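Heads up: the structure comes next, in structure tokens.
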Amino acid sequence: EGSIKGQNKKWKSIKDPADKFILKFTNNDVSRFLKNQQATLKDEYGEIFLTNKFGALVASTSKLSTFTLYLPFLLGKGSPLPSKTDVKI
């Protein structure tokens, strides 16, 4: 399924980090850049990932537990986006 919900379901069902679908997001130009940043600044980052404006994964340094990283999607329909004061960085 091409929807974000479908991709999230597929992502969660796959355990093998070397799966072709997972590698589309963990082995692309952006993910390689992020991995380089992670290696260059050791102990500064845990996982690094990039999402699109809908919270769907674009690139990640490794397989995360979920494909969708948009807070309202994770919390359920109708949840507001957090304000800057709600997000701890």
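Worth pointing out:
- Scanning the range 20-29 for residues that are surrounded by fewer than 18 Cβ atoms within 10 Å (Cβ to Cβ) and within 20 Å of LYS10 (Cβ to Cβ) yields a total of 6.
- Scanning the range 31-49 for residues that are surrounded by 15 or more Cβ atoms within 10 Å (Cβ to Cβ) and not polar (S, T, N, Q) gives LEU34, LYS35, ILE48, PHE49.
- Helices (runs of 4 or more DSSP H) contained entirely in the range 3-51, each with at least 1 residues that are within 13 Å of THR66 (Cα to Cα): 4-13, 20-26
- Test for ALA56: is it without any contact (Cβ under 8 Å) to a residue 24 or more places away in the chain, of a type in the set (A, V, I, L, M, F, W, C) and open to solvent by less than 70 Å² (accessible area, probe 1.4 Å): no
- Taken as a whole, the structure places LYS63 among residues that are in contact with a helix residue (DSSP H, G or I) (Cβ under 7 Å, 6 or more places away or on another chain), modelled with pLDDT of 85 or more and among the charged types (D, E, K, R).
- Selection status of PHE73, modelled with pLDDT under 85 and not in a loop (DSSP other than H, G, I, E, B): yes
- Test result for LEU50, more than 14 Å from LEU23 (Cα to Cα) and modelled with pLDDT of 85 or more: yes
The values are calculated or read from the model by the stated rules, or taken from the named source; none is laboratory data. Everything numeric here is computed off the predicted structure, so don't read it as measured data. Virtual Cβ from ideal backbone geometry, glycine too; neighbours counted across all protein chains shown. Side chains are part of the model used for accessible areas, which takes the heavy atoms of the whole protein and leaves out ligands, DNA and RNA. Shrake-Rupley method; radii C 1.70, N 1.55, O 1.52, S 1.80 Å.
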